[in-house]
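Below is one structure, written out as structure tokens, with a few remarks after it.
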Amino acid sequence: MDTVLFLSPVDPDGSLAKPALEALAAARELAAALSAPLAVGVFGAETAPAAKAVAGAGAVKHLAVQGPDFGSARYASDAAAWVALVQAAGASIVIAPHTSRTARVAAGATHRLGGRIDTHATSVAASEGKPVVTRWFYRQRMEALLSRPQRPWVLLLDPGCVAPWQAQGAEPALEAVPVALGERERRTAVRGTRAPVGEAQTIRPDAKLLFVAGAGWTKKQPDGVVHSADAEKLILGFLDVAKASLGSSKSLVDQSGEGGQVLRFMSHLNQVGQTGSTPRHPKGLATCCHGEEPHVVGWRFVGERRAVNLDPNCGWARGKADVLYVADAFAVIAKVNALLAAKKG
């Protein structure tokens with residue numbers, strides 16, 4: 001019989017972030033479908049607050065690796081904690097959130113355990129008594145169902161695919177799992193963290209709206225002049241008042257390497273579609289984008305799609321947007337910013 005383990009690092013304050021709670025919900029559902037025992041494993045500098053988040057999940061084991069050495073993302077210490085928790089739980093299936101920290105260490109830890117790993121899972125279920133994972137391939141154009149006989153089988157679940165677990169009942173006691181680290185595992189030290197100030201933050205995974213800017217923002221406008229500075233002011237102003245997340249077409253972020261006009265706050269991290277990300281925001285607003293197929297594929301999981309473009313024959317008008325506004329994006333966003341600012345005031 002399989003044993004399902006939910007495994008995740010904790011946040012600096014000891015709590016579990018939303019992606020972790022989503023992975024816990026998926027692990028709980030899989031364990032129930034397989035009639036298999038569920039275990040919980042967390043690691044970090046302080047794990048006590050995580051016990052409140054996993055309350056009522058029905059786990060038979062609640063394991064924790066705790067200590068200052070596990071507070072920051074470091075491959076050597078994270079891998080040691082990962083292996084220790086899997087072995088202590090006797091887990092054959094491990095479900096973890098697909099975050100930058102887990103993705104960095106999961107493959108190496110799985111290799112140490114002699115198992116197999118699949119990343120970017122979008123759902124896990126049981127079919128004929130066996131676990132099955134759903135995954136997208138080829139830029140989210142093909143969906144596949146995967147199953148493996150090898151154990152342990154590690155699955156990294158993409159954020160935004162499952163409703164997060166809601167704690168209920170009394171918090172369980174966490175069983176400490178000892179992990180000894182030598183000087184070799186401690187030779188990498190985290191000196192600090194650099195993060196953008198609130199006004200400069202453009203990527204907000206939990207935002208209700210995804211605002212995507214296309215290359216049209218940096219092209220010549222009706223007066224024959226490029227208005228990149230005005231574009232930056234309008235876009236940042238919209239992000240600030242709407243608390244939206246910023247996306248970009250590939251053509252826009254590629255301009256920085258071609259010597260063209262660029263938006264200074266834009267990077268390849270904002271790219272949506274093609275080799276970029278596939279966001280899962282409830283709503284999306286595309287501006288100055290042509291709606292090419294690779295771009296639209298990146299919007300596969302966006303619930304409601306709207307676009308602003310001067311060209312009524314652009315790609316968004318061909319059945320790819322729920323609503324298309326044939327208008328000047330500069331004028332539209334300026335008016336929207338004014339309305340939102342007045343409402344906020």
Requested in this report: Please report the relative contact order for the range 4-176, taking Cα pairs under 8 Å with a sequence separation of at least 6, and give it as a percent rounded to a whole number.
Outcome: 31
Report task. Treat every Asp and Glu Cβ in the chain as -1 and every Lys and Arg Cβ as +1, leave all other atoms uncharged, and give the resulting dipole magnitude about the Cα centre to the nearest 20 debye. Result -> 220
Report task. In Å and from the alpha-carbon atoms only, list the Rg and Dmax of the chain. Result -> 22.8, 70
Requested in this report: Calculate, in nm to one decimal, what residue 323 and residue 293 gain on full extension: separation in residues at 0.36 nm each, minus their alpha carbon distance.
Outcome: 9.1 nm
Query - Projected-area mean, the range 82-228, by convex hull of Cα positions, square nanometres - result: 15.7
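Any idea what the dipole of the range 117-166 comes to, in debye rounded to 20, about its Cα centre with Lys/Arg Cβ at +1 and Asp/Glu Cβ at -1? If you can, show how the numbers build up before the last one.
Details: 6 positive and 4 negative charges, 27 e Å.
Its charge dipole is roughly 140 debye.
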Report summary line: Under the 7 Å Cα-to-Cβ spin-label approximation, residue 175 and residue 191 lie apart by a distance in nanometres of 4.2
Requested in this report: Between residue 343 and residue 48, take the C-beta separation as r, use R0 = 56 Å, and let me know the FRET efficiency to the nearest 0.05.
Outcome: 0.85
Report summary line: FRET efficiency (residue 111, residue 146; Cβ distance; R0 22 Å; to 0.05) is 0.75
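Order these peptides, 35-45, 228-238, by their mean beta-carbon neighbour count within 10 angstrom, highest first.
Put in order of decreasing packing, that is 35-45, 228-238.
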**Report entry** Percent RCO, i.e. relative contact order, over the chain, from Cα pairs under 8 Å lying at least 6 residues apart
**Finding:** 15
Query raised in the report: Can you give the % of DSSP beta bridges in the range 4-176 that are antiparallel, to the nearest 5?
Result: 30
**Report entry** Full-extension gain in nm, residue 206 to residue 55, via 0.36 nm per residue minus C-alpha separation
**Finding:** 52.0 nm
**Report entry** Segment residue 11-residue 138, extension gain: residue separation times 0.36 nm, minus the distance between their alpha carbons
**Finding:** 42.5 nm
**Report entry** Rounded to 5, percent antiparallel among DSSP beta bridges of the chain
**Finding:** 20
**Report entry** Separation of the residue 313 and residue 226 label points, Cα + 7 Å toward Cβ, nm
**Finding:** 2.7
Query raised in the report: Where the centre of each part is set by its Cα atoms, how far does the range 36-110 sit from the range 265-309, in angstrom?
Result: 33
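Over the range 198-344, what is the mean sequence separation of C-alpha contacts under 8 Å (at least six apart), divided by residue count, expressed as relative contact order in percent?
Values: 270 pairs, mean separation 35.3, N = 147.
Contact order relative to length: 24 percent.
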**Report entry** Pairwise FRET efficiency - residue 130 versus residue 73, Cβ, R0 = 35 Å, nearest 0.05
**Finding:** 0.60
Query raised in the report: Counting Lys and Arg as +1 and Asp and Glu as -1, what is the net charge of the other residues whose Cβ lies under 12 Å from the Cβ of residue 105?
Result: +3
Query raised in the report: About the Cα centre of the range 4-176, what is the dipole size in debye to 20, counting +1 per Lys and Arg Cβ and -1 per Asp and Glu Cβ, all else neutral?
Result: 540
Report summary line: Helix-only [θ] at 222 nm, the chain, -39500 (n - 2.57) per DSSP H run of 4+, per residue, nearest 500, equals -8500 deg cm²/dmol
Report summary line: With Rh as the Kirkwood radius over Cα pairs, the range 198-344 has Rg/Rh of 0.92
Report summary line: Long-range alpha-carbon pairs in the range 274-324, meaning those over 14 Å apart, account in percent for 44
Query raised in the report: Which order do peptides 307-313, 127-133 fall in by mean Cβ count within 10 Å, highest first?
Result: 307-313, 127-133
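Since every read-out is calculated from the coordinates, none of them should be taken as a lab result. Keep in mind that this is a model prediction, so the values were computed, not measured. No Cβ is skipped: glycine too gets one built from the backbone with ideal geometry, and neighbour counts run over all protein chains shown.
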